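This report concerns only the one structure given below.
The values are calculated or read from the model by the stated rules, or taken from the named source; none is laboratory data. A quick note: this is a predicted structure, and the numbers were derived from the prediction, not measured. Virtual Cβ from ideal backbone geometry, glycine too; neighbours counted across all protein chains shown. Side chains are part of the model used for accessible areas, which takes the heavy atoms of the whole protein and leaves out ligands, DNA and RNA. Shrake-Rupley method; radii C 1.70, N 1.55, O 1.52, S 1.80 Å.
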Amino acid sequence: MTDTGWRPVKRTRTFEDVLAQIERRIVEDGLTAGDRLPAERQLAEQLGVGRSSVREAMRVLETLGVVSSQVGRGPDAGAVLTSRPDTALTDLLRLHLGLASLELREVIDTRLMIERWAADRAATARADTSALAAALAAMASASSAEEFVEHDTAFHCALADASGNRLIAAIMRSLRDSMRRYAVEAVDRLGDTSVLQADHARILAAVGAGDAAEAARAVTEHLAHAYPSLFPPMP
């Protein structure tokens, strides 16, 4: 019998065992985004489980942003590995915010820690600031709070990208996407966005000048302006 590399799984918690086997193969075979897993029928036969267990495992992986299921035959059959960690994190955070398992204060505190670090790293590395500048320019022409937040989000995600840490960038995207509604409400309450735009310009200038300490300070004061009820009054 040909060794396919797959091992028969135990009958207890079958779909979890399928998940464990897929994780093992991803690591051992060095699979990356774009690679294809065996088709559902083939995978079920190789693992010695029912197709329903494979199907359930694939649903979990798709929810986690690890695979993209595709319908096809022959070489086009099977799920394709993807890399969308921010998608799964966004859904999880949005649910926990909605259930009040997490408070907005906790999310903003996390943003503050991440963005101060990202601004420091981006400034130290003299990172490319073109994406930051483009987002700042787009904010000036925004005609609604929703549109402003869209460009504001692009600015902060670009700052995280400029840190050079992909996990930090993914976490930032998930944080911003999960709290989009709260960001729009904050902009609506503020009304005039000129202070926020000035804050963004200050962050951009500090990163461009390579001033890490000023970039971190600018991020802190920006979040205090956007969410004044969550920060003590500034002197």
Fill in: Protection proxy ranking of 177-184, 157-164 - average other beta-carbon atoms within 10 Å, highest first
157-164, 177-184
Practice prompt. Might you tell me the accessible area per residue for segment 125-235, computed with a 1.4 Å probe and given in Å²?
Written response: 46 Å²
Discussion item. Quick check: pseudo-label points 7 Å beyond the Cα along Cα→Cβ at Glu103 and Glu45, how many nm apart are they?
Written reply: 5.7 nm
Fill in: By average C-beta atoms within 10 angstrom, highest first, the peptides 25-33, 187-195
187-195, 25-33
Practice prompt. Return the carbon/sulfur percentage of the accessible area of segment 177-234, one whole number, probe 1.4 Å, all protein chains in place.
Written response: 58 percent
Worksheet, complete the sentence: Rounded to one decimal in nm, the spacing of the 7 Å Cα→Cβ label points at Glu62 and Ala134 is 3.2 nm
Worksheet entry | Global geometry of segment 121-226, whether rounded, prolate or oblate, following the gyration tensor of its Cα atoms and the 1.5 cut on a/c | prolate
